Amino acid sequence: MDTPQPLAGSVAWEPAIALHFAAGTLRAMATQGVGLGRHKLAAHALSVRGRRGGERIQLSGKLHHQSLKQLWQARAVPPWTRDCLPLVYAGETLAAVPGLGIAAEFAAAPGEPSWVLTWQENSPLLANAPAGEQD
């Protein structure tokens, strides 16, 4: 199996436009009251970045920040796929991790125009670990 390619750098993003990466496609669907609140994002430039390590997020409905590593471990996301997953930033703040959750400060209020994010893998990243991969 080929090792998945990590996301590199930072890409400016307008949620109405799907972003295509080697590992998959990030899309946002316009809706209301769930996902990323559009009013809360209005003052920030949005970007999509790859994992650098050490990221923390306070998910909507949680009292404390948690590391992405711990959240991914709890959901059994294999270590060799984590660098391929997109992280959505509002300015310099981690706002969302598709498939994981939305930061509390950017969560849509009831009835607020919002974006629901989806990440669709191009290939089954979760199939097999590359030889020697460890967390």
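Key figures for this structure:
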{"item": "Only one of L26, L41 that is more than 24 Å from N122 (Cα to Cα), hydrophobic (A, V, I, L, M, F, W, C) and either touching a residue at least 12 places away in the same chain (Cβ under 8 Å) or buried (at least 19 other Cβ atoms within 10 Å of the Cβ) (or both)", "result": "L41"}
{"item": "Residue selected from the range 86-118 under the condition hydroxyl-bearing (S, T, Y) and touching a helix residue (DSSP H, G or I) at 6+ places or on another chain (Cβ under 9 Å), by the criterion surrounded by the fewest Cβ atoms within 10 Å (Cβ to Cβ)", "result": "T93"}
{"item": "Unmet requirement for A90, which otherwise passes all of (1) more than 13 Å from I102 (Cα to Cα); (2) touching a strand residue (DSSP E or B) at 6+ places or on another chain (Cβ under 7 Å)", "result": "(1)"}
{"item": "Check on G53, within 24 Å of E121 (Cα to Cα), without any contact (Cβ under 8 Å) to a residue 40 or more places away in the chain and surrounded by fewer than 12 Cβ atoms within 10 Å (Cβ to Cβ)", "result": "yes"}
{"item": "Pairs with Cβ under 7 Å, 6+ apart, first in the range 60-85 and on the phi > 0 side of the Ramachandran plot and surrounded by fewer than 13 Cβ atoms within 10 Å (Cβ to Cβ), second modelled with pLDDT under 90 and part of a helix (DSSP H, G or I)", "result": "none"}
{"item": "Subset of the range 84-108 [assigned to a loop (DSSP other than H, G, I, E, B) and charged (D, E, K, R)]", "result": "E92"}
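The values are calculated or read from the model by the stated rules, or taken from the named source; none is laboratory data. Quick caveat: nothing in here was measured; it's all calculated off a predicted structure. As a convention, Cβ positions derive from the backbone with ideal geometry for all residues, glycine included, and neighbour counts pool all protein chains shown.
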